[in-house]
Amino acid sequence: MTEFKLDLSNGELLIGGKRAVLHCNHYNTFLQRTLVDALGDKMVEVQIKISQKINTEMLRNLTQGIEDKKSAIEKIFSALGLGILDLNDLENGRSTVSNSHYALNCYYKFGNQKEGVCLFATGYVRAAAEILTGQKKDFFETRCISIDPDQNEMCVFEVRT
Ligand SMILES: [Zn+2]
């Protein structure tokens, strides 16, 4: 598997051969919120599709030649600090993320959310589905920790039919 490469001489991080920038959950929650507040709900799907596009390309590069692509894709998600991704039920149109500090951060910053806030994770799950099944599937977040952390122990992503 292609490794994450950090060049300390210039501060450049390469993931799957692409330059990457990592931001903390505080920055990302405000960036996502600002885009939706300024440009409306259409920015929800735009952000999901951007995530899907970059993650499909990155995951294809990182999993080339790997037999157990599912495990690799789950490990990469964790390595990115996004939580614990479970793709075991992907063939049935379902995936989960536990320990999402991003979702919990949205809850603590903005209160109970009406809908799922894990747009990057949604795009990542769509990318994983495309790579693992060979088909594009429109996963949506149907349960999110940010809606009510007492009721939702994990974020759930499902294909809408
Ligand atoms: Zn979520």
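Every number in this text was worked out from the coordinates using simple rules, so none of it is lab data. Remember, it's a predicted structure, so these values are computed and weren't measured experimentally. Cβ coordinates were reconstructed from backbone atoms using ideal geometry, including for glycine residues, and neighbour counts include every protein chain displayed.
Observations on the structure shown:
- Counting other Cβ atoms within 10 Å as a rough exposure proxy, the listed residues His101, His26 run His26, His101 from fewest neighbours to most.
- Helical segments meeting 24 Å axial Cα length and Kyte-Doolittle -1.0 threshold in the chain (DSSP H): 42-62
- Counting beta carbons within 10 Å around each of Phe157, Phe120 and listing the fewest first gives the order Phe120, Phe157.
- DSSP-assigned coil residues among chymotrypsin sites (Phe, Trp or Tyr not before Pro) in region 4-83, each with at most 14 further Cβ atoms within 10 Å: Phe4
- Here region 139-161 and region 95-120 have alpha carbon centers that stand 9 Å from each other.
- The share of C-alpha pairs in the chain whose separation exceeds 25 Å stands at 29 percent.
- With all pairs of separate Cα atoms included, region 31-126 yields a Kirkwood hydrodynamic radius of 14.4 Å.
- Cross-link pairs Lys5/Lys42; Lys5/Lys114; Lys75/Lys114; Lys5/Lys53 - those with Cα-Cα distance over 32 Å: Lys5/Lys42; Lys5/Lys114
- Sequence-distant contacts, meaning Cα pairs under 8 Å at least 6 residues apart, place the relative contact order of region 7-161 at 23 percent.
- Across region 89-160, Cα-Cα pairs more than 19 Å apart make up 30 percent of the total.
- Placing a label point 7 Å from the Cα of Thr142 along the Cα-to-Cβ direction, the residues of region 82-108 with a backbone N closer than 16 Å are 86-97.
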